[in-house]
Amino acid sequence: MDIILREDCKNVGNKNDIVSVKTGFARNYLIPRGLAIVATESARKVVGEVIRQQSHKAVKAMEVAQVLVDKLNKLTVKIGAKAGETGKIFGSVNSIQLAEAIQAAGHDVERKQITLSDDAIKELGSYEAKVKVYKDIFATVKFDVVAD
């Protein structure tokens, strides 16, 4: 079934994309939650016009995103955590702490934009995370987990 996404959906597509998904997923999840609409001929025309109007704004947004990517690629943040003598952390470090550390460094990043290689980091050391800045533009942020 072809649908038009009204919002960004992880592993499905971005806003205003026309994607093909299984009928049950569209009718039972995406459409009732307002995340998508059925891709009728008239809806496709409306979305096409909206995309044409937003193309100019998208070019500027990509330029701003590229500047942010350059800054984030050079950034290295430190995250403090309580740890034992062997280097194991009491608890874990996740995307929430990383987002707070990046925001403290002066960059506007939400936790939903951050993807860690592991779901939670449980040892001291140096790590990397991917940050989705714009549709297909990603930055790599290096961070060190140090003992408090």
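The values are calculated or read from the model by the stated rules, or taken from the named source; none is laboratory data. Keep in mind it's a predicted model, so treat the numbers as computed, not measured. Cβ placement follows ideal geometry from the backbone for every residue including glycine, while neighbour counts extend to all protein chains displayed.
Tabulated values for the structure
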read-out: Flag if Lys57 is exposed (fewer than 15 other Cβ atoms within 10 Å of the Cβ), of a type in the set (D, E, K, R) and in the same structural domain as Glu128 (by TED's automatic domain parsing); value: no
read-out: Residue list for segment 67-105, restricted to those being in a loop (DSSP other than H, G, I, E, B) and within 23 Å of Ala139 (Cβ to Cβ); value: Leu75, Asn94, Ala105
read-out: Lys45 in the same structural domain as Phe25 (by TED's automatic domain parsing) and of a type in the set (D, E, K, R); value: yes
read-out: Residues of segment 115-129 satisfying the condition of being touching a residue at least 24 places away in the same chain (Cβ under 8 Å), under 22 Å from Asp8 (Cβ atoms) and in a strand (DSSP E or B); value: Ala129
read-out: Residue in segment 33-41 that is in a helix (DSSP H, G or I) and closer than 23 Å to Val131 by Cβ present; value: no
read-out: In segment 88-99, the residues that are of a type outside the set (A, V, I, L, M) and either out of contact with any strand residue (DSSP E or B) (no Cβ under 8 Å at 6 or more places or on another chain) or surrounded by 18 or more Cβ atoms within 10 Å (Cβ to Cβ) (or both); value: Ser95, Gln97
read-out: Answer from Ala83, Ala61 - the residue that is under 21 Å from Lys15 (Cα atoms), out of contact with any Gly (no Cβ under 8 Å at 6 or more places or on another chain) and in contact (Cβ under 8 Å) with a residue 60 or more places away in the chain; value: Ala61
read-out: Residue match in segment 26-35 (condition: surrounded by 11 or more Cβ atoms within 10 Å (Cβ to Cβ), free of Cβ contacts under 8 Å to residues at least 12 places away in the same chain and aromatic (Phe, Trp, Tyr)); value: yes
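The rows are residues; the columns are (1) within 23 Å of the chain's Cα centre (by Cα); (2) surrounded by fewer than 14 Cβ atoms within 10 Å (Cβ to Cβ).
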position	(1), (2)
Ala81	no, no
Thr86	no, yes
Ala101	yes, no
Val146	no, yes
